[in-house]
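Novice: Quick one: this structure, given as structure tokens, is what I'll be asking you about.
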């Protein structure tokens with residue numbers, strides 16, 4: 001009977017050792033799980049922060065895209081205006097001053113005809129523009145301004 005007691009005692013001690021070993025493994029796993037949960041929470045917070053940053057960056061990208069589009073439009077308009085200036089200059093390049101005045105609407109064909117008729121009648125060496133000033137069709141000051149515009153437009 002005594003041997004039975006020792007066998008039961010040995011089994012009990014073995015069982016206690018096994019339970020202690022399992023308890024230690026359980027505690028280790030619980031600690032690992034707690035660590036993983038903490039890391040997971042930290043990663044979730046980082047993920048939320050990154051998502052917020054991505055949202056902010058997306059808004060900035062949208063703003064920059066809008067600014068870029070406005071700049072592109074402005075550049076296109078500027079290029080178009082420059083092309084129009086070049087075309088206008090090219091158009092006026094071979095134009096006489098009287099043709100320029102006609103194209104700008106400062107005078108009309110009737111004014112030119114009257115000035116030409118005056119020149120023929122009076123055998124005048126004055127140009128049509130000077131006759132128009134003489135007739136007070138265009139003031140001398142305006143004529144100076146138009147001549148300057150003509151020089152600028154034609155590059156003459």
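The values are calculated or read from the model by the stated rules, or taken from the named source; none is laboratory data. The model shown is predicted, which means the values in this text are computed figures rather than measured ones. Ideal geometry is used to build each Cβ from the backbone, glycine not excepted, and the neighbour counts take in all protein chains shown.
Novice: Could you tell me which numbered condition residue 83 fails, if it satisfies all but one of (1) outside any helix (DSSP H, G or I); (2) within 43 Å of the chain's Cα centre (by Cα); (3) modelled with pLDDT of 85 or more?
Specialist: So residue 83 meets the others, but not (1).
Novice: For a quick check of your reading of the model, give me the residue pairs whose first member lies in region 115-133 and is without any contact (Cβ under 8 Å) to a residue 12 or more places away in the chain, whose second is assigned to a helix (DSSP H, G or I), with beta-carbon atoms closer than 8 Å and at least 6 apart or on different chains.
Specialist: 124/118; 124/131; 126/119; 126/134; 133/140; 133/143
Matching residues to (1) assigned to a helix (DSSP H, G or I); (2) at pLDDT 90 or above:
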site	(1), (2)
113	yes, yes
120	yes, no
124	no, no
137	no, no
141	yes, yes
148	yes, yes
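Novice: Just to check your reading of the model, which residue among 42, 74, 58 is without any contact (Cβ under 8 Å) to a residue 60 or more places away in the chain and under 30 Å from residue 153 (Cα atoms)? Give the steps one after another, and end with the answer.
Specialist: Details: 42 fails: under 30 Å from residue 153 (Cα atoms); 58 fails: under 30 Å from residue 153 (Cα atoms).
On inspection, the qualifying residue turns out to be 74.
Novice: It is to be established whether one or more residues within region 57-80 are under 30 Å from residue 144 (Cα atoms) and within 30 Å of the chain's Cα centre (by Cα). Talk me through it step by step, then tell me what you get.
Specialist: Keep residues of region 57-80 that are under 30 Å from residue 144 (Cα atoms), which gives 78, 80.
From the residues that got through so far, the ones that are within 30 Å of the chain's Cα centre (by Cα) too are 78, 80.
Checking region 57-80: at least one residue is under 30 Å from residue 144 (Cα atoms) and within 30 Å of the chain's Cα centre (by Cα).
Novice: Do you know which residues across region 87-114 are loosely packed, with under 14 Cβ neighbours inside 10 Å and either within 26 Å of the chain's Cα centre (by Cα) or touching a residue at least 12 places away in the same chain (Cβ under 8 Å) (or both)?
Specialist: Result: 88, 89, 93, 104.
Novice: For region 93-111, does any single residue satisfy the condition of being touching a helix residue (DSSP H, G or I) at 6+ places or on another chain (Cβ under 8 Å), farther than 18 Å from residue 150 by Cα and assigned to a loop (DSSP other than H, G, I, E, B)?
Specialist: Within region 93-111, none of the residues are touching a helix residue (DSSP H, G or I) at 6+ places or on another chain (Cβ under 8 Å), farther than 18 Å from residue 150 by Cα and assigned to a loop (DSSP other than H, G, I, E, B).
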